[in-house]
């Protein structure tokens with residue numbers, strides 16, 4: 001199982017995600033970098049070292065110096081790319097995908113995910129297969145800086161960006177589930193810097209995940225029970241790359257990952273209004289929040305390539321997805337779970353409100369997300385067929401099919417990572433959202 | 001010409017794989033070779049090491065990636081002399097080893113050597129089985145759950161060092177406090193060799209002992225390439241000078257007067273010393289000097305000759321009766337089976353120092369008392385295929401006048417000299433050698449071989 005596109009390559013490790021395939025992609029990225037240095041990081045997956053070794057070899061062979069951070073959260077990698085003024089970054093992580101997956105995610109010279117044009121250039125190099133092959137004297141050099149060299153500057157910057165004094169004074173008890181992912185080794189330093197009491201769970205990176213590394217309520221059982229047992233003020237679930245975060249309130253409610261973005265937006269836009277970028281699949285909550293702060297909202301296709309292209313074009317102050325991924329542009333143009341946690345704790349400290357109360361201020365919608373199997377070869381036909389009878393008349397085809405109605409919307413789009421169609425509907429009524437999704441699922445199943 | 005050019009940058013043979021970095025030897029090819037090897041050994045721990053070449057890291061990472069993907073546990077030993085690598089592969093009970101090295105090839109080259117669990121290079125037959133997997137692309141990629149981690153072994157040389165120090169009469173060597181000039185040519189021997197000599201009580205004058213792969217001179221340790229160590233011996237008044245080749249399996253010696261004794265005599269000196277202590281067979285390849293036959297005759301022991309290629313000497317050495325006590329090659333490669341059946345410049349240094357320690361004479365006198373021949377090594381351009389056609393023509397020409405052997409290329413023994421022609425295993429060239437009692441005799445024999453070759457080439 002392999003997915004190749006402008007955002008990189010993603011696959012199930014085994015017969016399809018092989019060392020030579022990884023090398024071909026890293027070589028293509030090497031050609032894109034044109035011998036400039038590259039910063040490398042990986043999450044904790046057990047097969048990470050295989051991909052890492054393949055990338056190191058191919059990048060050195062492309063004549064790029066490699067600065068290998070080892071196990072390191074992607075937002076810290078992105079900050080490091082920018083700080084070192086490197087040619088780019090390469091994150092070996094499949095983020096929220098389960099343990100059998102891994103992926104190469106390419107970061108541009110400014111620490112931002114490659115935009116679609118840059119991604120296409122890498123893809124062109126890959127398809128051309130005409131890779132740079134440096135002679136012995138021109139090979140890149142490998143360096144492996146100590147953790148302190150990249151975690152420390154990041155933490156210091158984060159400490160200065162959020163209201164550390166307020167958080168420290170509140171002395172929160174916080175449960176964080178790193179899902180044994182890349183954030184695990186940094187959490188203690190993070191908690192110490194912001195001044196809260198950390199109760200870490202699943203914090204031993206052993207190559208496997210205790211549950212799917214996707215921050216959402218169905219993976220939150222452990223966090224909920226620990227929040228309850230110790231009476232914590234907040235619980236956080238992280239993806240394996242520490243890009244996304246979902247929340248558990250002090251009332252032990254596992255909140256939908258859709259809340260993370262509007263919650264942060266509500267606090268941040270009050271201080272620093274400006275354009276907000278999100279995707280077609282994200283909850284309407286953000287529309288209401290943006291409107292309340294008189295900020296324009298621009299929707300793009302799913303995926304960091306499209307989102308951060310729009311961020312640049314629109315000079316946005318905030319970007320995010322319904323998956324729990326949020327970027328505050330004043331800090332860095334990257335989805336960053338550390339920053340998200342910091343901003344939420346800051347809001348709790350500054351307002352003196354509990355997490356449940358902050359969430360209670362947000363408009364409530366019901367969102368239903370399902371996926372249905374659809375072979376890659378059938379996707380085009382199925383979507384064409386669905387368009388004929390799709391919900392409502394004004395279909396937005398920016399990413400699959402999307403249509404709005406009075407109290408919500410519905411979208412069908414191709415999964416970026418699996419041979420699936422994703423069907424998402426939102427509505428003020430849970431029953432209506434469910435009915436909208438079920439109708440599409442039935443049509444698709446009939447067609448296949 | 002075209003076929004030579006095509007062959008010129010990549011060679012996959014019983015000696016492993018060699019190619020030019022930035023050209024034929026890519027990360028992808030290297031990972032694929034490692035996948036085939038990992039599949040061949042069927043998983044388990046596999047040692048990964050390298051010589052000091054600048055391209056070593058790039059290739060060893062590719063090897064590690066390939067091994068992981070087929071379920072092996074790579075054990076990264078970093079830069080290590082090849083004899084230590086072979087020793088540790090066996091001692092650590094690994095499933096096998098891959099050494100990233102191109103031995104004495106020039107800097108743009110690098111390569112892989114494949115080692116089985118017993119610490120020996122794959123035999124020709126094993127290589128064939130292994131290459132079948134490579135060519136068929138039948139790799140055992142494992143699912144994620146079976147992945148192993150990479151193990152770092154930073155002190156892999158220690159076990160070899162310990163064994164070496166137990167092997168020799170270290171006390172006797174230490175008492176003499178030898179002054180030794182040592183030229184590692186910034187190769188794989190550099191991290192270990194000065195320590196080894198100091199442990200033997202030597203005062204070391206180090207030359208080019210930075211393992212950075214920047215060869216200070218042509219890596220072939222022949223007399224014309226080692227003037228610096230000769231000068232160092234003289235200016236420091238050293239007892240002896242040692243030169244290791246890039247992967248530290250071969251050794252050249254400089255006498256106390258600063259004269260290279262010729263790499264052909266390293267094995268002869270070592271063999272005489274070993275045979276003085278105990279009787280047993282000598283095993284060497286076809287191209288090694290006749291002085292070894294004289295040594296064997298003088299001690300009344302047998303000598304066995306094999307095809308070129310270390311593994312051929314080793315295989316014979318492990319199987320002959322009476323048991324072999326010394327083996328090697330005329331290129332400075334000494335095999336001491338008491339340590340490990342592989343060429344080992346450390347074993348060679350130990351044996352030579354022990355010989356010196358047990359004699360009141362300087363190294364120049366020990367050399368002077370050896371049977372002397374002059375061996376001239378040359379090469380001509382040509383592929384293996386061309387060599388093969390040449391050889392069948394030459395055989396007809398020589399079989400009336402000399403004793404002909406087709407064991408490896410064509411070797412012809414005459415009463416007072418011999419000639420040998422064979423395709424190289426590692427480069428697209430044909431090697432030609434001639435040995436006689438005198439320089440003039442050897443030159444004459446080589447000229448006559450070369451003129452026979454020109455005659456035959458006209459017929460091809």
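The values are calculated or read from the model by the stated rules, or taken from the named source; none is laboratory data. This structure is a prediction, so every number in the text was calculated from the model and none was measured. Positions of Cβ are generated from backbone atoms using ideal geometry, with glycine treated the same way; all protein chains shown enter the neighbour counts.
Would you check if there is a residue in region B:421-439 being without any contact (Cβ under 8 Å) to a residue 60 or more places away in the chain, over 30 Å from residue B:101 (Cβ atoms) and loosely packed, with under 15 Cβ neighbours inside 10 Å? Scanning region B:421-439, I find no residue that is without any contact (Cβ under 8 Å) to a residue 60 or more places away in the chain, over 30 Å from residue B:101 (Cβ atoms) and loosely packed, with under 15 Cβ neighbours inside 10 Å, so the answer is no. Among the residues of region B:88-110, just one is within 15 Å of the chain's Cα centre (by Cα) and on the phi > 0 side of the Ramachandran plot, namely B:103.
Any residue at all in region A:44-52 that's buried (at least 24 other Cβ atoms within 10 Å of the Cβ) and more than 21 Å from residue A:78 (Cα to Cα)? Yes; the residues of region A:44-52 include at least one that is buried (at least 24 other Cβ atoms within 10 Å of the Cβ) and more than 21 Å from residue A:78 (Cα to Cα).
If we only count strands (runs of 3 or more DSSP E) wholly inside region A:300-390, which ones have 1 or more residues that are within 30 Å of residue A:151 (Cβ to Cβ)? Give the derivation first.
On the way: elements: A:318-320, A:326-328, A:366-373.
In region A:300-390, A:318-320, A:326-328 are the strands (runs of 3 or more DSSP E) which contain 1 or more residues that are within 30 Å of residue A:151 (Cβ to Cβ).
Residues of region A:68-97 being at pLDDT 95 or above, within 14 Å of chain B (Cβ to nearest Cβ) and surrounded by fewer than 24 Cβ atoms within 10 Å (Cβ to Cβ), which ones? Result: A:68, A:70, A:71. Of all the listed residues (B:172, B:154), the sole one being in contact (Cβ under 8 Å) with a residue 40 or more places away in the chain and outside any helix (DSSP H, G or I) is B:154.
Of the set (1) farther than 21 Å from residue B:86 by Cβ; (2) not in a helix (DSSP H, G or I), all apply to residue B:389 but (2).
Take residue B:154 and tell me if it is under 17 Å from the mean Cα position of the chain (by Cα) and at pLDDT below 95. In short, no.
Here no strands (runs of 3 or more DSSP E) wholly within region B:55-143 include at least 2 residues being at pLDDT below 95 and more than 14 Å from chain A (Cβ to nearest Cβ). May I ask you to verify whether residue A:233 is in contact (Cβ under 8 Å) with a residue 60 or more places away in the chain and at negative phi? Against the criterion (in contact (Cβ under 8 Å) with a residue 60 or more places away in the chain and at negative phi), residue A:233 qualifies.
With respect to residue B:9, is the statement that it is surrounded by fewer than 24 Cβ atoms within 10 Å (Cβ to Cβ) and either within 13 Å of chain A (Cβ to nearest Cβ) or over 27 Å from residue B:346 (Cβ atoms) (or both) true?
Numbers: surrounded by fewer than 24 Cβ atoms within 10 Å (Cβ to Cβ): yes; either within 13 Å of chain A (Cβ to nearest Cβ) or over 27 Å from residue B:346 (Cβ atoms) (or both): yes.
It is true that residue B:9 is surrounded by fewer than 24 Cβ atoms within 10 Å (Cβ to Cβ) and either within 13 Å of chain A (Cβ to nearest Cβ) or over 27 Å from residue B:346 (Cβ atoms) (or both).
With respect to (1) assigned to a helix (DSSP H, G or I); (2) at pLDDT 95 or above; (3) crowded, with 22+ Cβ neighbours inside 10 Å, the lone exception for residue B:365 is condition (3). Of the set (1) within 13 Å of chain B (Cβ to nearest Cβ); (2) buried (at least 24 other Cβ atoms within 10 Å of the Cβ); (3) touching a strand residue (DSSP E or B) at 6+ places or on another chain (Cβ under 8 Å), all apply to residue A:65 but (2). Residue count for region B:293-318 satisfying the condition of being surrounded by 17 or more Cβ atoms within 10 Å (Cβ to Cβ), part of a helix (DSSP H, G or I) and under 18 Å from the mean Cα position of the chain (by Cα): 8. When residue A:49 is tested against (1) within 14 Å of chain B (Cβ to nearest Cβ); (2) touching a residue at least 12 places away in the same chain (Cβ under 8 Å), exactly one condition is not met: (2). Total residues in region B:96-118 satisfying the condition of being over 22 Å from residue B:57 (Cα atoms) and in contact with a helix residue (DSSP H, G or I) (Cβ under 6 Å, 6 or more places away or on another chain): the figure is 1. When region A:98-150 is examined, which residues are found to be closer than 17 Å to residue A:26 by Cβ, touching a helix residue (DSSP H, G or I) at 6+ places or on another chain (Cβ under 8 Å), within 14 Å of chain B (Cβ to nearest Cβ) and surrounded by 15 or more Cβ atoms within 10 Å (Cβ to Cβ)? Matches in region A:98-150: A:102, A:104, A:126, A:131, A:132, A:133, A:134, A:139, A:140, A:142. Quickly run through region A:366-407 and pick out the residues that are over 30 Å from residue A:98 (Cα atoms), touching a residue at least 60 places away in the same chain (Cβ under 8 Å) and touching a helix residue (DSSP H, G or I) at 6+ places or on another chain (Cβ under 7 Å). If the condition is that a residue be over 30 Å from residue A:98 (Cα atoms), touching a residue at least 60 places away in the same chain (Cβ under 8 Å) and touching a helix residue (DSSP H, G or I) at 6+ places or on another chain (Cβ under 7 Å), then A:385 is the only one that fits.
Can you say whether residue B:118 is surrounded by fewer than 18 Cβ atoms within 10 Å (Cβ to Cβ), over 23 Å from residue A:44 (Cα atoms) and either touching a residue at least 60 places away in the same chain (Cβ under 8 Å) or under 20 Å from the mean Cα position of the chain (by Cα) (or both), as far as the supplied structure shows? For residue B:118, the condition - surrounded by fewer than 18 Cβ atoms within 10 Å (Cβ to Cβ), over 23 Å from residue A:44 (Cα atoms) and either touching a residue at least 60 places away in the same chain (Cβ under 8 Å) or under 20 Å from the mean Cα position of the chain (by Cα) (or both) - is met. For residue A:422, the conditions (1) part of a helix (DSSP H, G or I); (2) surrounded by 15 or more Cβ atoms within 10 Å (Cβ to Cβ) are fulfilled apart from (1).
Taken over region B:20-54, the criterion of being assigned to a strand (DSSP E or B) and more than 12 Å from chain A (Cβ to nearest Cβ) is satisfied by B:44, B:45, B:46, B:47, B:49, B:50. In the set A:339, A:345, only one residue is in contact (Cβ under 8 Å) with a residue 40 or more places away in the chain, closer than 30 Å to residue A:163 by Cα and in contact with a helix residue (DSSP H, G or I) (Cβ under 6 Å, 6 or more places away or on another chain); that residue is A:345. The sole residue among B:330, B:350 that is surrounded by 24 or more Cβ atoms within 10 Å (Cβ to Cβ) and at pLDDT below 95 is B:330.
When you go through A:258, A:250, A:321 one by one, which is the residue that is more than 19 Å from residue A:75 (Cα to Cα) and either out of contact with any helix residue (DSSP H, G or I) (no Cβ under 8 Å at 6 or more places or on another chain) or buried (at least 24 other Cβ atoms within 10 Å of the Cβ) (or both)?
Details: A:250 fails: either out of contact with any helix residue (DSSP H, G or I) (no Cβ under 8 Å at 6 or more places or on another chain) or buried (at least 24 other Cβ atoms within 10 Å of the Cβ) (or both); A:321 fails: more than 19 Å from residue A:75 (Cα to Cα).
A:258 is the lone residue from the list that is more than 19 Å from residue A:75 (Cα to Cα) and either out of contact with any helix residue (DSSP H, G or I) (no Cβ under 8 Å at 6 or more places or on another chain) or buried (at least 24 other Cβ atoms within 10 Å of the Cβ) (or both).
Taken together, the residues in region A:269-320 that are free of Cβ contacts under 8 Å to residues at least 12 places away in the same chain and closer than 17 Å to residue A:409 by Cβ amount to 2.
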